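Each remark here refers to the structure printed beneath this line.
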Amino acid sequence: MKDNFRQSMKWFHTWVGLIVGWILFFMFLTGTLGYFYQEITRWMEPERPFIEHNISNEQLINIAQTYLKKNAQDVDEWDIDLPTARNQNLRVGWRHPPEAGKKRGRYESSVVDIATGEKVESRATGGGRLLYRMHYRLHYLSTKISYWIVGFCSMLMLLAVITGVVIHKKIFTDFFTFRAKKGLPGWLDIHNVLSVIALPFHFMITYSGLLFFLFTYMALSTNLQTNEDEYREMRKEIYPRTPHAQSTNQPAKMIDISVLYQQAKNSWQADELSTIEVFAANDSNAQVRFVRHETDITYNPNDEVLVNAITGEMITHTPREYTAAGIIHNGFFSLHEGQFAGPIARWIYFFTGLIGTAMIASGLILWTTKRKPQQMKKPNGPDFGYRLVEQLNIGTIVGLPIAIAMYFYANRLLPIDMADRVNWEANVMFISWALLLVYPAFRPANKAWHEQLQLAALVYIALPLVNILTTDKHLINSLLQQDWGLAAFDLTLLGVGCCFAFSAYKYKALTVDKKTSRQRVKQDKSVGNEKLLQLQRVSKGNG
Amino acid sequence: MSYLLNNINLSSPRWAVFSRSLAAIFGGYALATSSSLFIGQLLLNNVGKYQAIHIGLLFSFLVYACAAMWVFSVSNATKAWICLIKANVFFVVGAWLLMQFTRVSS
């Protein structure tokens with residue numbers, strides 16, 4: 001393309017990043033929120049009770065088992081999710097027997113109130129799950145089309161990451177140079193710092209993102225090399241599952257799960273239990289699987305303990321076997337999802353995701369700042385393309401966060417018994433985004449930036465207040481009840497609001513700064529002209 | 001129609017970028033597939049059939065990325081197309097020969 005390799009890669013990096021930058025911004029932001037999807041869901045279901053601090057696992061298991069015995073009598077598969085730092089309520093689930101002609105039955109689950117032992121009736125909401133699923137399952141499009149669009153965008157992201165490294169002669173020295181407040185160099189430095197600081201993350205998240213749909217994207221290769229049975233076998237080798245007991249239709253009495261739990265307690269160090277799965281419940285073949293929080297990036301067979309629910313004996317299960325390539329593949333999944341992450345690692349994941357989002361945003365802004373001086377000189381105003389990019393930047397970089405806040409507003413303000421409520425929460429989000437994308441078309445860019453930043457600050461700071469007015473699960477109560485997960489959500493909203501308020505203030509200050517300095521230059525010039533005129537007059541008079 | 005055809009100027013830079021983009025997207029995808037076939041067949045006897053295919057697939061995105069970058073770095077679009085086709089033919093023929101070889105030996 002250009003004279004040398006680095007020059008062509010620079011050109012390539014610019015355009016690859018621009019073409020899908022806004023979709024990537026959307027994917028990165030909603031994906032980053034996914035690291036806290038359980039916490040978000042918890043906030044969006046304010047009917048659920050506060051976290052209970054002084055209750056033992058045995059008590060919790062008993063409450064869950066009583067509930068299951070009452071409500072899921074004739075069911076084979078049960079599971080119990082214990083309250084954790086992330087999902088703060090007791091949740092039970094069960095799978096109904098399959099209907100005629102279907103392979104698997106319907107899955108039902110409910111949150112159990114520890115105090116009453118009854119189901120908590122929550123409002124219909126998509127929760128954090130719907131929000132984070134948007135980052136690969138673009139909301140209104142069909143599954144297949146979104147996977148291909150997401151794949152195309154991820155591929156361009158991978159190219160942008162690789163070319164970004166290639167065009168950097170001095171990747172480490174550049175990292176330590178930061179020239180703030182200088183217009184173009186400022187944005188370039190910000191882009192560089194955000195890219196370099198989390199480079200391994202950017203590469204990992206993009207490559208592993210592509211791996212999720214590896215067999216969709218590269219279907220031709222597997223189709224040419226395997227037949228249907230072989231393909232199924234290959235999938236089993238790559239994603240192995242632990243086999244579980246099947247029912248024999250001979251009823252038997254199970255030992256209480258809280259008693260069986262002693263077995264798991266003996267083999268683990270601390271109180272780490274997270275999930276219990278029961279297979280072939282109340283059957284002579286009944287088994288209970290105790291699962292603790294994932295502790296490793298790769299598979300750890302000690303994370304689960306299998307117990308015979310009739311005799312109470314531990315079952316030594318053969319650990320799953322992974323191939324070397326399978327370990328790498330599943331390791332990338334694990335890194336992408338961060339299921340193993342504890343509270344601190346989860347926050348680091350969250351901020352690193354935000355760094356990725358900000359990197360994309362700074363790259364998009366850089367495209368316009370670089371072209372601005374030239375575009376402003378054009379007699380008919382800036383080109384259509386330039387204005388389009390600028391408008392999409394404003395509408396996405398500030399507009400999307402506002403739209404996400406509107407998703408939370410919809411959760412609090414839409415009528416509880418509204419038909420199709422889950423979809424309308426999402427509709428509110430996308431309608432707001434669409435409005436904010438159109439709005440900058442009718443305003444000068446400077447004003448649009450400033451106004452949308454102000455709006456973002458307003459909606460984020462007002463959200464916890466709306467929460468106080470509409471529910472009893474607001475910041476004051478959650479702090480009093482020491483429900484840190486819930487409190488952290490409201491506090492994060494306030495923090496994000498303050499960041500937007502600060503950027504709005506800073507933006508105003510910077511543009512005013514520029515304007516006054518420009519006016520001063522103009523005045524100087526006009527003063528100079530007057531002096532010149534006087535001089536000319538004088539010289540004319542003399543002549 | 002003829003007016004439209006006459007307006008296509010094959011030497012214009014826009015056409016060159018378009019041609020390169022097609023080469024990168026479709027030629028690169030073909031290369032990703034053919035290279036994964038080749039790697040799959042090459043490693044067949046060393047790591048087992050399924051893992052061999054899997055390793056080929058794991059590399060396919062990196063091959064794709066490198067191919068796309070390379071397409072935009074060579075001096076002209078025609079050269080990019082010719083080299084891509086050559087590489088694809090090499091991998092497909094290589095994979096086919098390996099397939100014959102394993103069939104005979106097994």
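The values are calculated or read from the model by the stated rules, or taken from the named source; none is laboratory data. Since we're looking at a predicted model, the values are computed, not measured. No Cβ is skipped: glycine too gets one built from the backbone with ideal geometry, and neighbour counts run over all protein chains shown. Remember, those area values only see protein heavy atoms, side chains included, never the ligands or the DNA or RNA. Shrake-Rupley method; radii C 1.70, N 1.55, O 1.52, S 1.80 Å.
The table below lists the values:
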item	result
Residue match in the range A:267-279 (condition: touching a Leu at 6+ places or on another chain (Cβ under 9 Å), among the charged types (D, E, K, R) and in contact (Cβ under 8 Å) with a residue 12 or more places away in the chain)	no
A:Ile61 in contact (Cβ under 8 Å) with a residue 40 or more places away in the chain and either open to solvent by 40 Å² or more (accessible area, probe 1.4 Å) or farther than 30 Å from A:Gln262 by Cβ (or both)	no
Test result for A:Lys236, touching a strand residue (DSSP E or B) at 6+ places or on another chain (Cβ under 9 Å) and among the basic types (Lys, Arg)	no
Index of the failed condition, A:Ile297 passing every other in (1) more than 14 Å from chain B (Cβ to nearest Cβ); (2) modelled with pLDDT of 85 or more; (3) touching a Gly at 6+ places or on another chain (Cβ under 7 Å)	(2)
Enumeration of residues in the range B:54-92 that are over 19 Å from A:Met155 (Cβ atoms) and either within 14 Å of another protein chain (Cβ to nearest Cβ) or of a type in the set (Asp, Glu) (or both)	B:His54, B:Ile55, B:Val74, B:Ser75, B:Asn76, B:Ala77, B:Thr78, B:Lys79, B:Phe91, B:Val92
Flag if A:Pro415 is outside any helix (DSSP H, G or I) and at pLDDT below 95	yes
Pairs, first open to solvent by less than 40 Å² (accessible area, probe 1.4 Å) in the range A:328-352, second basic (Lys, Arg) and assigned to a loop (DSSP other than H, G, I, E, B), C-beta under 9 Å, six or more apart	A:Arg346/A:Arg86
Restricting the range A:305-326 to residues that are within 14 Å of chain B (Cβ to nearest Cβ) and loosely packed, with under 13 Cβ neighbours inside 10 Å, the residue that is nearest to A:His244 (Cα to Cα)	A:Glu321
Residue that is modelled with pLDDT under 85 and not β-branched (Val, Ile, Thr), where the choices are A:Lys525, A:Lys473	A:Lys525
Matching residues, the range A:1-33, being under 29 Å from the mean Cα position of the chain (by Cα), of a type in the set (Ser, Thr, Tyr) and surrounded by 18 or more Cβ atoms within 10 Å (Cβ to Cβ)	A:Thr30, A:Thr32
Of all residues making up the range B:10-41, the number that are more than 17 Å from the chain's Cα centre (by Cα) and either at the interface with chain A (Cβ under 9 Å from one of its Cβ atoms) or assigned to a helix (DSSP H, G or I) (or both)	6
Flag if A:Gly34 is modelled with pLDDT of 90 or more, part of a helix (DSSP H, G or I) and more than 29 Å from A:Pro343 (Cα to Cα)	no
